[in-house]
RNA sequence: GUCCCCAUCGUCUAGCCGGCCCAGGACAGCGGCCUUUCACGCCGUCAACGGCGGUUCAAAUCCGCCUGGGGACGCCA
C-alpha cells in the first residue's frame with residue numbers, strides 16, 4: 001500500500017504545537033510506510049494570510065526536521081483548477097447556482113434554530129435551475145437521505161445523517177472556492193491517501209466526503225487527532241503562554257525533545273517514554289492513537305529536554321547553546337571554553353536558556369562577582385573565612401592549576417587539619433561561585449584559573 | 001438549541017477481542033540514598049478505572065442511561 005500524507009496549514013499565524021503535532025504524525029506515517037509527505041499552504045483567506053507566517057511555518061518545519069516531497073502547493077495559485085471542478089459539478093447536476101443573500105440565509109438559520117433544529121440552508125434555490133449571475137454562489141446538491149459513514153484512524157467509525165448537512169457553498173459569489181471544496185480538490189490532485197488533521201475538522205469530513213463522491217474521487221482515510229488543551233483543561237490560547245513552536249525554540253528547547261513530547265501526547269507504545277526519531281519512524285503506524293484530548297504539561301517537556309541535553313555530544317550542545325550564551329552578553333567565548341562550561345553545567349539545566357544562564361558566575365571577574373547574602377551569612381562567617389585564609393597558601397602552591405592537583409591541595413588541607421569536607425567545601429564554594437550551587441569545585445576553579453580563583457577567595461575573606 | 005466526539009492517578013498514558021489488574025509505567029509531589037554544594041542518578045512512597053443500571057461465574061474492559069468535558073453548526077480555514 002502506498003501512503004501519501006500532507007500537512008496543510010493556513011498562514012494566519014505561527015506554527016502552533018497542535019499543528020506541529022499533526023504535522024509530525026503525518027510525517028511519521030508517511031516515513032513509516034515509505035510513502036510521501038507533502039506540504040501545502042492554504043492561503044485563500046487573503047485578509048489574514050501573511051507571507052511572514054508562511055516563512056515562520058517553514059522555519060519551524062525545518063527546525064523540527066520535517067521534510068517533504070515535491071513542491072510546496074499554494075492554493076492561491078490553483079484558483080482555475082478549483083473553478084474547473086466546480087463547473088464539472090454544475091455540469092453533472094451535483095451543484096447549483098444560488099441567489100440567496102447572506103441575510104436571507106441568516107434568516108433561515110434563525111428560523112430553524114427557533115424550531116429547535118440545526119441551523120441550515122433550506123435549499124431555496126436547489127430546484128430553481130438558476131444560471132450564473134451577479135452575487136450568486138454555487139452550492140453542492142447534497143443527498144436528501146442516508147448516512148455518511150467513515151472509519152476514522154483514531155476515532156473509529158463515525159456516522160452522520162445527511163439530514164444534518166445542508167447544501168454547502170462550494171464557490172463564493174466572488175468566484176473563489178470555499179475551504180471544503182479546495183481541500184478536496186487539492187488532496188485528490190496531490191494523491192493524498194491519509195488525511196491526518198485536528199479534531200475540529202471531524203464535522204467537515206462528511207461534507208468533504210460528499211464532495212469526493214460527487215466528483216467521483218476516491219475517498220482517503222481520515223485520522224482526527226484530538227486537540228491539545230492548556231494545563232487547566234481549557235482550549236489552548238495565548239493566555240497559556242508559549243504555544244507556538246518558535247517560542248519553545250526561543251525558550252531553549254531541543255527539537256527532538258519537543259517532537260518526542262508531542263508524539264507521546266496522544267500516542268503511545270506501551271510504557272516507552274523516550275523515542276529517537278528513527279524509533280518513531282519504525283514504530284508509528286497510525287495505531288495506538290488516543291481519541292481523547294490531552295493537556296499540555298510543560299514540566300514533562302522540560303524533563304525530556306533535560307534528558308536530551310544530557311545525551312547530546314558536547315560539541316553539539318555547545319553549538320546549540322552559543323546563541324543563548326550570546327544573548328546573556330558574555331562576550332567572546334572560545335569553543336573550548338564553551339564546551340567546558342557545557343559539560344560542567346549540563347546536568348543541572350533543563351533548557352538551553354537555563355544552561356547559558358548558569359554560566360554567569362564563571363564568566364565574571366572576581367570584582368564583578370556578587371555573593372548571595374544568605375550564603376554569605378551562612379558560609380562566609382568567621383569560621384568559614386578562617387578556613388579560606390588557611391586554604392589560600394595551599395592553593396598558591398599549586399603549580400598546575402587543573403582539577404586533580406587542586407583537589408589534592410584541598411584534600412591535603414582537610415585531612416591535615418582532621419576536618420571533613422563538609423566544613424571546608426561550602427565556604428570555598430561560596431567564595432568561588434557566590435552561591436550554593438554550580439558544579440564540582442576543583443573543575444570550577446580550574447576553569448577560572450589560579451589568579452581568578454585566588455582573587456575570589458581573597459574577596460570572600462575581605463568580607464569580614 | 002441540534003449533531004458529532006471524548007471520559008483510568010494532579011498530568012501524559014498502559015490495559016480496553018472480559019479473568020494474569022485489590023490496575024502498570026512516566027512527569028510532578030513527598031521521603032530516602034549518594035554527596036567536596038546544587039543538581040544528575042538510584043531507591044521508595046502518595047495517587048485513578050466519573051455515576052447508576054444491565055449482560056456475565058467474572059467488567060477498567062461489553063451494552064444502556066446520566067453526568068461532566070470538548071468540537072462543530074460560515075459565501076473562515
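In what sequence, highest mean first, do A:56-63, A:100-107, A:253-260, A:220-227 appear when ranked by Cβ atoms within 10 angstrom? Intermediate results must be reported in sequence, preceding the final value.
Details: A:56-63: 18.6, A:100-107: 13.4, A:253-260: 22.6, A:220-227: 20.8.
The most tightly packed comes first, giving A:253-260, A:220-227, A:56-63, A:100-107.
Can you give me the distance in nm between label points at residue A:334 and residue A:298, each placed 7 Å from the Cα along the Cα-to-Cβ direction?
A separation of 3.8 nm, rounded to one decimal place.
With a cut-off of 8 Å between alpha carbons and a minimum separation of six or more residues, what is the relative contact order of segment A:78-225 in percent? Could you put the intermediate results ahead of the total?
Details: 221 pairs, mean separation 36.4, N = 148.
It comes to 25 percent, rounded to a whole number.
Measure nothing fancy, just the Cα-based angle from helix A:79-91's long axis to the longest principal axis of chain A, in degrees from 0 to 90, nearest 10.
So the inclination is approximately 30 degrees.
According to the square roots a ≥ b ≥ c of the eigenvalues of the Cα gyration tensor, what is the shape class of segment A:364-464, taking rounded for a/c under 1.5, prolate for a/b larger than b/c otherwise, and oblate for the remainder? Write out the running numbers ahead of the final one.
Details: a/c = 1.57, a/b = 1.14, b/c = 1.37.
Oblate, because a/c is 1.5 or more while a/b does not exceed b/c.
Going by alpha carbons, how many degrees (0 to 90, nearest 10) lie between the helix axis of A:450-462 and the longest principal axis of chain A?
80 degrees
Given R₀ = 30 Å, what would the calculated FRET efficiency be for residue A:110 paired with residue A:235, taking r from the Cβ atoms and rounding to 0.05? Intermediate results must be reported in sequence, preceding the final value.
Values: r = 27 Å, r/R0 = 0.90.
Between residue A:110 and residue A:235 the formula returns 0.65.
Please compute the contact order of segment A:313-359 in relative form: average sequence separation of alpha-carbon pairs under 8 Å and at least six residues apart, divided by the residue count, as a percent.
Values: 34 pairs, mean separation 23.1, N = 47.
Normalised by residue count, the contact order of segment A:313-359 is 49 percent.
Find the percent of Cα-Cα distances in segment A:78-225 that exceed 24 Å, and round it to a whole number. Don't skip to the end; give the middle numbers.
On the way: 3597 of 10878 pairs.
Percent of Cα pairs beyond 24 Å in segment A:78-225: 33.
Specify the angular offset, from 0 to 90 degrees and rounded to the nearest 10, of the alpha carbon long axis of helix A:421-433 from the longest principal axis of the alpha carbons in chain A.
That helix lies at roughly 70 degrees to the long axis.
Among the DSSP beta bridges whose two residues both lie in chain A, what percent are antiparallel, rounded to the nearest 5?
Numbers: 16 of 29 bridges.
Antiparallel bridges make up about 55 percent of those DSSP assigns within chain A.
Based on alpha-carbon centroids, what's the gap between segment A:436-464 and segment A:1-65 in Å, whole number please?
51 Å
Find the relative contact order for chain A and round it to a whole percent, using C-alpha pairs within less than 8 Å whose residues are 6+ positions apart. All intermediate terms of the calculation are to be shown ahead of the outcome.
Numbers: 683 pairs, mean separation 58.5, N = 464.
For chain A, the relative contact order is 13 percent.
Within 10 Å of each residue's Cβ, count the other Cβ atoms and sort A:307, A:440, A:387 from fewest upward. Mind showing how you got there, number by number?
Details: A:307 17, A:440 11, A:387 22.
Going from sparsest to densest Cβ surroundings: A:440, A:307, A:387.
If the chain between residue A:420 and residue A:327 were fully stretched, how many nm would it gain, using 0.36 nm times the residue separation less the Cα-Cα distance?
On the way: separation 93, 0.36 × 93 = 33.48 nm, distance 4.03 nm.
In short, 29.4 nm is gained.
Can you give me the distance in nm between label points at residue A:315 and residue A:144, each placed 7 Å from the Cα along the Cα-to-Cβ direction?
Simple spin-label model gives 7.4 nm for this pair.
Figure the gain on full extension for residue A:101 and residue A:174 (residue separation times 0.36 nm, minus the Cα-Cα span) and round it to one decimal in nm. Write out the running numbers ahead of the final one.
On the way: separation 73, 0.36 × 73 = 26.28 nm, distance 1.30 nm.
Difference between extended and current length: 25.0 nm.
So if I take the centroid of the Cα atoms in segment A:310-341 and the same for segment A:113-164, what is the distance between those two points in Å?
What the calculation gives is 59 Å, centre to centre.
At a 10 angstrom cut-off on C-beta neighbours, averaged per residue, how do the peptides A:190-200, A:263-273, A:3-13 rank from highest to lowest?
Details: A:190-200: 19.4, A:263-273: 15.4, A:3-13: 21.9.
Those peptides, ordered most packed to least, come out A:3-13, A:190-200, A:263-273.
Using a 7 Å offset from the Cα along the Cα-to-Cβ direction at both residue A:273 and residue A:158, what is the distance between the two label points in nm, to one decimal?
With each label placed 7 Å out from Cα toward Cβ, I get 3.2 nm.
Between residue A:62 and residue A:128, what is the FRET efficiency for a Förster distance of 56 Å, r being their Cβ-Cβ separation, to the nearest 0.05?
Working: r = 51 Å, r/R0 = 0.91.
According to the calculation, E is roughly 0.65.
Please work out how much length the chain gains when fully extended from residue A:203 to residue A:285, using 0.36 nm per residue of separation minus the C-alpha to C-alpha distance, in nm with one decimal.
Details: separation 82, 0.36 × 82 = 29.52 nm, distance 2.45 nm.
Extra length available between residue A:203 and residue A:285 comes to 27.1 nm.
I'd like to compare A:451-459, A:296-304, A:108-116, A:338-346: which one has the highest average count of other Cβ atoms within 10 Å, and what's the full order after that? Walk me through the intermediate numbers first.
Details: A:451-459: 18.7, A:296-304: 16.6, A:108-116: 12.1, A:338-346: 20.3.
Descending packing order for the listed peptides: A:338-346, A:451-459, A:296-304, A:108-116.
Every number here is computed from the coordinates shown, using simple stated rules; none is lab data. All figures in this text were calculated on a predicted structure; none of them were measured in a lab. In this analysis, Cβ positions are derived from the backbone assuming ideal geometry, glycine residues included, and neighbour counts consider all displayed protein chains.
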